[in-house]
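Participant: One structure, as structure tokens, below. Some questions next.
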Amino acid sequence: MIDAARLKEEFIELTSISSPSKREGTIARRLETILKSMGASVEVDGAGEQVGGNTGNLLARFPGNAPGAPPFLLSGHMDTVGPAEAIHPVVEGDVVRTDGTSVLGGDDKAGVVAILEAIRTLRDRSIPHGDIEVVLTICEEYGLLGAKHFDTGRLRATRGLVLDVDGVCELITRAPAANRLTFTVQGLAAHAGICPEQGMSAIQIAAEAIATMRLGRLDAETTANLGVIQGGLAGNIVPASLTVRGETRSLSLEKLEAQTAHMRRCFDETAARHAVRVGDRDHRARVETQVDRQYSRLDVRDDAGIVRLVQSAARAVGRTCATRGTGGGSDANVFAERGIEIANLACGMREIHTVNEWVDVRDLVLTAGLVLETVRLNAAV
């Protein structure tokens, strides 16, 4: 039923269009044209202006042909990680991969083309369905910014799917909450060769704090990382200031808060041990900590309606669709926090966020068929 050749051609076309976060304008204009040609009304919101990008999120609406059927939401994101300035897909039979110089962009154009092809087939074959709302976001790879700046009050659908995870025929129902942490360490500057004892090295303080910190994989549910360190002026100046940025995330809110407190405590206790007297004045090191909730947890019960619906659709196409958790966040986290019953459907992308990324078109065909059957069954509820 799914047109594999058409799907493959569109996937190659879309992946060839560079669309890094905040520069999704070209792909957005192309998708707007495609969606309108399929019979949708399309709106572009103001999220781009709010995040400093060159386009906003797309909201497309397809009218249903089954009176009384509930609306359904389908969502993916338009942006990709880098390197993605020039993308040259390599086709080897059913496999589309990168040429090794860039990402492919299957994350998330695999999800986008599966959505488009499912809707085309539904409408071409007059298969009963309710209204379909499609949200294609910007800046997902940049902290889910597009979804965060999307007004979900514009949606009629209260149930749906995000297509944005590797694998196939799997449903992500559990994803972590994440805290973004910024530690600003304040020491005291001094000449490193003449009077280093009159200074307090912010780099040394941070290093001591980090050395006591639990990082990496903490358990099956929790991770922590420090990813950016910025500070210092010159090799001959004891550094007075340093900023360390990182995150912690967990499927358990209790573990998330415990790890956040641990990381904060490592810096506070280390700074408290550093002081120096210069002349008649005492100086003490200090740390300013900022904690921001990057996104909330996705936690969908296995007996939730969206899970039952997708699993019924999988059985209808001769497959099974297991639920699982993941360590990554997606737009589904944002939509779930705002009251939409939603899960994240695997859509065939592989080795994402690397220059080895690849997609098997047969997985895209399977995913599009599963989406089609899910939307059809939603109209039959």
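Participant: Of the peptides 136-145, 322-331, 40-49, how do they stack up when ordered by the mean number of other Cβ atoms within 10 Å, highest first? Mind dumping the intermediate values first?
Facilitator: Working: 136-145: 25.0, 322-331: 18.3, 40-49: 16.6.
Ranked from most to least packed, the peptides come out as 136-145, 322-331, 40-49.
Participant: Still on this structure, I have one more. Given R₀ = 30 Å, FRET efficiency for Thr33-Asp99 by Cβ-Cβ distance, to 0.05? The partial results should precede the final answer.
Facilitator: Values: r = 27 Å, r/R0 = 0.90.
Computed FRET efficiency for Thr33 and Asp99: 0.65.
Participant: Right, here's the next one. Can you tell me the order of 249-258, 154-163 when each peptide is scored by its average per-residue count of other Cβ atoms within 10 angstrom, highest first? It would help to have the intermediate numbers written out before the result.
Facilitator: On the way: 249-258: 17.8, 154-163: 21.5.
Packing proxy ranking, top to bottom: 154-163, 249-258.
Participant: For the chain, what is the mean residue ellipticity at 222 nm derived from helices alone (per DSSP H run of n ≥ 4: -39500 (n - 2.57); sum divided by total residues; nearest 500 deg cm²/dmol)? Don't skip to the end; give the middle numbers.
Facilitator: On the way: 10 runs with 122 residues, N = 381.
Theoretical 222 nm ellipticity from helices: -10000 deg cm²/dmol.
Participant: Determine, at each q value in 0.16 (inverse angstroms), the log₁₀ of I(q)/I(0) that the Debye formula gives when each Cα of region 275-381 is one equal point scatterer.
Facilitator: Rounded to two decimals, the profile gives -0.88.
Participant: Need one number: % antiparallel among DSSP beta bridges in region 13-155, to the nearest 5. Kindly include the intermediate steps, with their values, before the conclusion.
Facilitator: Working: 12 of 19 bridges.
Here the antiparallel bridges make up roughly 65 percent for region 13-155.
Participant: First compute the accessible area of the chain with a 1.4 Å probe, then give the percent of it belonging to carbon and sulfur atoms. Write out the running numbers ahead of the final one.
Facilitator: Working: 7580 of 15920 Å².
Carbon and sulfur: 48 percent of the exposed surface of the chain.
Participant: Give me the number: length gained by fully extending Ser241 to Arg286, i.e. 0.36 nm times residue separation minus the C-alpha to C-alpha distance, one decimal in nm.
Facilitator: Details: separation 45, 0.36 × 45 = 16.20 nm, distance 0.99 nm.
Net length gain for the segment: 15.2 nm.
Participant: DSSP H helices in the chain with Cα extent of 15 Å or more along the helix axis and mean Kyte-Doolittle hydropathy at least 0.5?
Facilitator: Qualifying helices: 305-316, 361-380.
Participant: Beyond 19 Å, what share of the Cα-Cα pairs of region 159-313 remains, rounded to the nearest whole percent? Display every interim value, and only then the final one.
Facilitator: Details: 7417 of 11935 pairs.
Of the Cα pairs, 62 percent sit more than 19 Å apart.
Participant: In addition: Ranked highest first by the average count of other Cβ atoms within 10 Å around their residues, in what order do 194-202, 8-16 fall? Write out the running numbers ahead of the final one.
Facilitator: Values: 194-202: 17.7, 8-16: 19.3.
Ranked from most to least packed, the peptides come out as 8-16, 194-202.
Participant: Could I get the Rg over Rh figure for region 264-330? Both from C-alpha atoms, Rh via Kirkwood, rounded to two places. List each step's numbers first, then the result.
Facilitator: Working: Rg = 25.7 Å, Rh = 17.4 Å.
We get a ratio of 1.48 for region 264-330.
Participant: Within the chain, what is the number of lysine pairs with alpha carbons under 21 Å apart, leaving out pairs fewer than eight places apart on the same chain?
Facilitator: 6
Participant: Further question on the same structure: Give me the accessible area per residue for region 117-182, probe 1.4 Å, as a whole number in Å².
Facilitator: Details: 2000 Å² over 66 residues.
Result: 30 Å² of accessible area for each residue.
The values are calculated or read from the model by the stated rules, or taken from the named source; none is laboratory data. Everything numeric here is computed off the predicted structure, so don't read it as measured data. Don't worry about glycine lacking a Cβ; one is built from the backbone with ideal geometry, like all the others, and counts go over all protein chains shown. Areas reflect the complete protein model, heavy atoms only, side chains present, ligands, DNA and RNA absent. Shrake-Rupley method; radii C 1.70, N 1.55, O 1.52, S 1.80 Å.
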